[in-house]
Amino acid sequence: MQAREMAATSVGRNALTAGLLCHAAAILVGMMTASGADVFFKIVYPFSWVLMTLGAYAELRLRSGR
């Protein structure tokens, strides 16, 4: 059985992986009571969505043939 890759392009793969890691880190750190966790969440969480959107765009652009 052939292993399936998460994404076909290196840009898409890297952006989706970084976005997923940032997303998880923002949620985990945002749940902590440490000072600054709220600021960290407000900065990193939107950035993770930007990265995941960039990765998805790169993949969709490759698959559409444009």
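Find how much the distance from LEU62 to ILE43 grows on full extension, using 0.36 nm per residue of separation minus their present alpha carbon separation; answer in nm with one decimal.
3.9 nm
On a 0 to 90 degree scale, rounded to 10, what angle separates helix 10-30 from the longest Cα axis of the chain?
20 degrees
Hey, what number do you get for the chain at 222 nm if only DSSP H runs of n ≥ 4 count, each worth -39500 (n - 2.57), divided across all residues, to the nearest 500?
Mean residue ellipticity at 222 nm (helix-derived): -26000 deg cm²/dmol.
In whole Å and largest first, what semi-axes does the C-alpha gyration tensor of the chain yield when each eigenvalue is scaled by 5 and square-rooted?
30, 13, 6
Quick note: the coordinates plus some simple rules give every number you see, no bench work behind them. Computed from a predicted structure; not experimentally measured.
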